[in-house]
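Here the structure is laid out as structure tokens; the discussion comes afterwards.
Derivation of every value follows stated rules applied to the coordinates shown; laboratory data play no part. Source: prediction; values computed, not measured.
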């Protein structure tokens, strides 16, 4: 059996890395989503059908997808320039207002009059003093691909904003913002700066990035093979890293933590952190890529970037919805690891 490599005993104190994340300039290019949560409490059984009637309490919008990645970067003090697409609708307005209220330059976000803002509405049910559970998710997806004009507008925003950044983060949820033209433009402009990618369906297209962060399922889908044990994980991780010609790869594994594949090194397995009872894994991958990108931009080694990202993920999975991790929370988590 291919045993996990243990963290070295002289690993640096990750608490010292947290302040270095602040002020890093990151351009995020990706699919901006609106995550809506409808909070309700159970009332009674319906007489019309064998279903529960839930009484409406409140509703909130949380940035999702690439927008959640932006939110995670902002929470850690980064200077973020988002590039993406939203519809000319209420959800698009809500996302723009949210980031504008945080002082973010939203001029890189293109308004599409032909498509709705991608949204995921989750209906949550539970008693007032107990954790609510998701009982239904309603997705609002585009009916057709982005138009040539919208893609051209996105590419223009990317070219305008790539020069002054410390890092570029590509967040690809499969809705077409991060196309080949965008990838070519970014790859040709970043030079020796950090370029990271989190891609749901087409990670093998992103050759030459600094770091990719697939989960285990995405790793399996990319290679068309199962990962059932550490030997298969070792083989699959090495294959994917070589295929995309990336110096490093972080494979997230849910409650089994993450595995780090880096050029010239043995695989490093990092156990999951946080409490045993996970509240919500939504958006944890966005947190991982955000923290790892900032850490690399701050000059951290990929192993330390992965350790810090793992700690941040342990914080956000204890919160409902696509959540963020503050510097204080990350410092406290790093203190328990030290």
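Projected onto planes of every orientation and averaged, the convex hull of the alpha-carbon atoms in the chain covers 18.5 nm². With both residues required to sit in the chain, DSSP beta bridges show an antiparallel share near 45%. The helix-based estimate of mean residue ellipticity at 222 nm for the chain, built from -39,500 (n - 2.57) per DSSP H run of four or more residues and divided by its residue count, is -10000 deg cm²/dmol to the nearest 500. Looking at the stretch 68-145, the pairs of alpha carbons with a distance over 21 Å make up 44% of the total.
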